[in-house]
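The values are calculated or read from the model by the stated rules, or taken from the named source; none is laboratory data. Keep in mind the model is a prediction, meaning the values are calculated, not measured. Here the Cβ positions follow ideal geometry from the backbone for every residue, glycine too, while neighbour counts run over all protein chains shown. Note: areas computed on protein heavy atoms with side chains; ligands, DNA, RNA excluded. Shrake-Rupley method; radii C 1.70, N 1.55, O 1.52, S 1.80 Å.
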Amino acid sequence: MKESQESLNFIEHIIEEDLANGFPKEKLRFRFPPEPNGYLHIGHAASICLNFGLGEKYKAPVNLRFDDTNPAKEEQEYVDAIKNDIAWLGFKWANECYASDYFQQLYDWAVGLIKAGKAYVDQQSSEEIAAQKGTPTSPGTDSPFRNRPIGESLDLFERMKNGEFPAGSYVLRAKVDMSSPNMHMRDPILYRVIHAHHHRTGSDWCVYPMYDWAHGESDYIEQVSHSLCTLEFKAHRELYDWYLDQIWDPKLLRPKQREFARRNLSYTVMSKRKLLELVQKNIVASWDDPRMPTISGLRRRGYTPTAIRKFSDLAGIAKRDNVTDVSLLEFCIREDLNKTATRVMAVLNPVKLVITNYPEGQSEILHLENNPEEPNSGTHEVPFSRELYIEREDFKEDGGKNFFRLSLGNEVRLKSAYIIKAESVVKDDAGNIQEIHGTYDPDSRSGSGTAASERKVKGTLHWVSIAHAIKAVVREYDRLFLDEAPDAHEDRSFLEFVNPNSLNVIKEAYLEPYLSHATMADKFQFQRLGYFTLDPDSKEGQLVFNKTVGLKDTWAKQSSKTPIQNQSNSKTAAQPQGQRKALNEIQQIGKKLTNLSGDKLETAIKSIKEFSQEVTYEELEPLFNTAAKKVGTRIAVMLALGVLLEKGQAKTQAITDFIESGKADENEILKTEAGKLI
């Protein structure tokens with residue numbers, strides 16, 4: 001291989017190993033399979049960059065496949081938005097596919113399962129089916145319809161397809177293993193009845209495949225070599241393979257499912273359901289509100305494809321779920337815009353500055369460097385005159401020795417212009433400063449080469465000429481949530497942590513006239529204020545600018561120039577500010593355990609065991625004394641203790657006492673898990 005092994009992520013290692021074992025490189029094929037039930041967000045960008053990045057690396061085709069199996073939640077609007085987002089990120093798909101393209105084939109295969117005695121029609125309620133599935137520690141019980149005659153199931157399934165039954169009355173279940181330790185294998189549902197208009201097939205179908213059935217079979221139809229999913233599908237892999245076993249032709253390629261950690265971001269929610277709730281409750285204006293973590297929201301805020309792809313690269317591909325600090329994303333956009341954004345001047349909170357010794361009625365054209373980071377970026381013209389606006393906070397009558405901006409009797413330089421001195425102020429009856437009067441040094445113009453122009457002063461201020469300035473609306477955005485994990489609180493809604501000051505609208509900002517020709521493709525640095533971009537709400541004579549990000553991180557100090565994300569499989573990277581320790585994750589999951597059942601409970605238990613790999617006994621032991629009423633936490637601690645014992649932890653008296661207390665508890669799961677540790 002041309003690249004060192006250290007430079008590969010674990011997914012690339014899997015592919016390289018397959019190639020080394022004889023898998024033909026020309027048969028590599030990937031896919032990105034979004035469900036069109038919402039807008040894509042920054043978490044999806046990780047999967048987009050992974051799949052399409054692999055396509056670019058190995059020169060392999062990547063399909064864009066919409067898993068449109070639930071017409072009740074899917075819309076053409078979302079399909080169009082997803083395509084737009086992927087194209088904007090700079091990726092091209094080989095084929096545009098839809099699970100609905102395969103509805104007939106999926107149906108025919110399901111009929112084949114019935115005929116083979118491997119599927120049956122069940123008419124129990126969803127609650128009855130869930131109860132019969134048992135728990136992760138106890139087997140399920142057979143449905144009374146599990147041995148329904150094949151002919152009867154075939155007839156009922158066809159009638160389901162023909163729309164003869166109401167939604168929820170019948171389902172088609174695969175006949176697998178009700179005693180399997182994997183809850184997903186306990187006779188999973190293949191089809192359900194839904195009476196809703198489908199965005200592509202209209203009313204042609206009244207039965208729709210479940211995701212697990214459509215997913216792997218669609219991969220097989222498209223001959224996808226590596227089906228990459230997020231970690232919650234790891235427990236589904238056994239079912240993925242079982243379904244393929246029923247239809248696989250050895251002459252054709254068999255897809256391989258592998259899992260990676262989803263991208264979680266601090267101070268953000270990633271659930272499409274919760275993002276939709278923000279829109280529906282008018283907490284944000286739309287899916288593309290610049291405070292949203294959606295790709296369209298980030299685009300509207302001024303983020304670039306380069307920054308998002310760089311973020312995905314730096315955050316990496318992990319094997320275990322973790323939280324990436326939002327400051328890494330902000331770092332990436334600052335780094336990109338610093339290289340590309342045009343420097344301009346804008347005053348958001350103005351106070352009038354009158355240069356009393358500048359001739360009345362006169363103005364001149366100065367030149368402002370477009371971007372000091374790009375030598376060939378050129379300059380643009382900026383008008384200068386006797387009356388200017390500067391930022392109100394840039395002036396104090398008596399600034400003291402540590403105030404390096406403008407104050408009475410002190411000098412500052414106006415950016416790309418002259419050195420000025422404040423002489424006096426004009427106040428209203430309430431004592432508020434209305435005007436600052438000062439003088440300028442005519443020989444101090446920047447770049448003129450005079451001795452005065454080389455004179456050093458401590459402060460440089462941005463400004464605009466009042467006579468030439470254009471008015472604009474400026475929207476300053478902050479983080480939408482005040483808590484770094486707003487949806488991790490068991491007893492509180494994520495909406496309780498919404499930042500009431502996440503949007504500040506400045507209705508009359510004053511900008512240099514160069515910005516009158518701005519387009520939405522342009523990116524600007526408002527000198528000393530941050531990076532800004534034009535908003536689509538702009539219209540003739542009424543420009544609207546969105547703040548993308550400030551010039552520096554005002555939430556937390558960066559420990560290094562590049563705040564590299566700590567991947568769970570890295571032992572050397574520094575712990576990022578937004579990532580909670582594994583023990584905290586175990587506690588958070590534990591709080592919810594007693595409210596979970598079925599697949600969700602199984603997934604939670606698996607997550608606890610995975611996080612337990614990173615926990616030490618010294619961290620865990622203090623939790624042995626958790627109150628008995630917090631049984632969910634005690635279960636989580638017992639599960640973590642089991643992992644430590646498997647890794648060689650010696651039994652102490654404290655461990656023995658904790659296990660014995662678990663065996664005596666009334667909770668069946670805690671009692672069972674404690675019994676395993678004797």
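Odds and ends about this structure:
- Restricted to region 162-194, and to residues there that are farther than 12 Å from ILE114 by Cβ and among the basic types (Lys, Arg), the residue that is least open to solvent (accessible area, probe 1.4 Å) is ARG186.
Rundown of residues vs (1) modelled with pLDDT of 95 or more; (2) at negative phi; (3) not aromatic (Phe, Trp, Tyr), yes/no style:
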| residue | (1), (2), (3) |
| --- | --- |
| GLN434 | yes, yes, yes |
| THR460 | yes, yes, yes |
| VAL464 | yes, yes, yes |
| HIS468 | yes, yes, yes |
| ASP487 | no, yes, yes |
| VAL498 | yes, yes, yes |
| TYR531 | yes, yes, no |
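- Qualifying residue in region 629-637 (condition: modelled with pLDDT under 85 and at negative phi): yes
- Within region 657-678, the set of residues being without any contact (Cβ under 8 Å) to a residue 60 or more places away in the chain and among the aliphatic types (A, V, I, L, M) comprises ILE659, ALA664, LEU670, ALA674, LEU677, ILE678.
- Check on GLY361, modelled with pLDDT under 95, surrounded by fewer than 16 Cβ atoms within 10 Å (Cβ to Cβ) and not acidic (Asp, Glu): yes
- Test: residue in region 421-437 that is buried (at least 16 other Cβ atoms within 10 Å of the Cβ), of a type in the set (Val, Ile, Thr), assigned to a strand (DSSP E or B) and within 46 Å of the chain's Cα centre (by Cα): no
- Tally of residues being part of a loop (DSSP other than H, G, I, E, B), open to solvent by 40 Å² or more (accessible area, probe 1.4 Å) and charged (D, E, K, R) across region 252-290: 4
- On inspection, THR672 qualifies as surrounded by 16 or more Cβ atoms within 10 Å (Cβ to Cβ), out of contact with any helix residue (DSSP H, G or I) (no Cβ under 6 Å at 6 or more places or on another chain), polar (S, T, N, Q) and closer than 30 Å to HIS236 by Cβ.
- The single condition among (1) under 23 Å from LYS319 (Cβ atoms); (2) in contact with a helix residue (DSSP H, G or I) (Cβ under 6 Å, 6 or more places away or on another chain); (3) touching a residue at least 60 places away in the same chain (Cβ under 8 Å) that VAL643 does not meet is (3).
- Residue within region 588-599 that is under 20 Å from the mean Cα position of the chain (by Cα), modelled with pLDDT under 95 and either closer than 30 Å to GLN132 by Cβ or open to solvent by 50 Å² or more (accessible area, probe 1.4 Å) (or both) present: no
- Residues of region 478-502 classified as buried (at least 18 other Cβ atoms within 10 Å of the Cβ), in contact (Cβ under 8 Å) with a residue 24 or more places away in the chain and not in a loop (DSSP other than H, G, I, E, B), total: 3
- Candidates in region 620-649 are the residues that are assigned to a helix (DSSP H, G or I) and open to solvent by 60 Å² or more (accessible area, probe 1.4 Å); of these, the one that is nearest to GLU660 (Cα to Cα) is ASN625.
- Tabulated pairs, region 14-31, first within 15 Å of LEU228 (Cβ to Cβ), second modelled with pLDDT of 95 or more and β-branched (Val, Ile, Thr), C-beta under 8 angstrom, 6+ apart or interchain: LEU28/ILE15; ARG29/VAL62; ARG29/VAL224; PHE30/VAL62; PHE30/VAL224; ARG31/VAL62; ARG31/VAL224
- Residue count for region 326-370, restricted to those that are assigned to a strand (DSSP E or B) and not basic (Lys, Arg): 16
- The residue of region 291-338 that is most open to solvent (accessible area, probe 1.4 Å), among those that are acidic (Asp, Glu) and touching a residue at least 40 places away in the same chain (Cβ under 8 Å), is ASP313.
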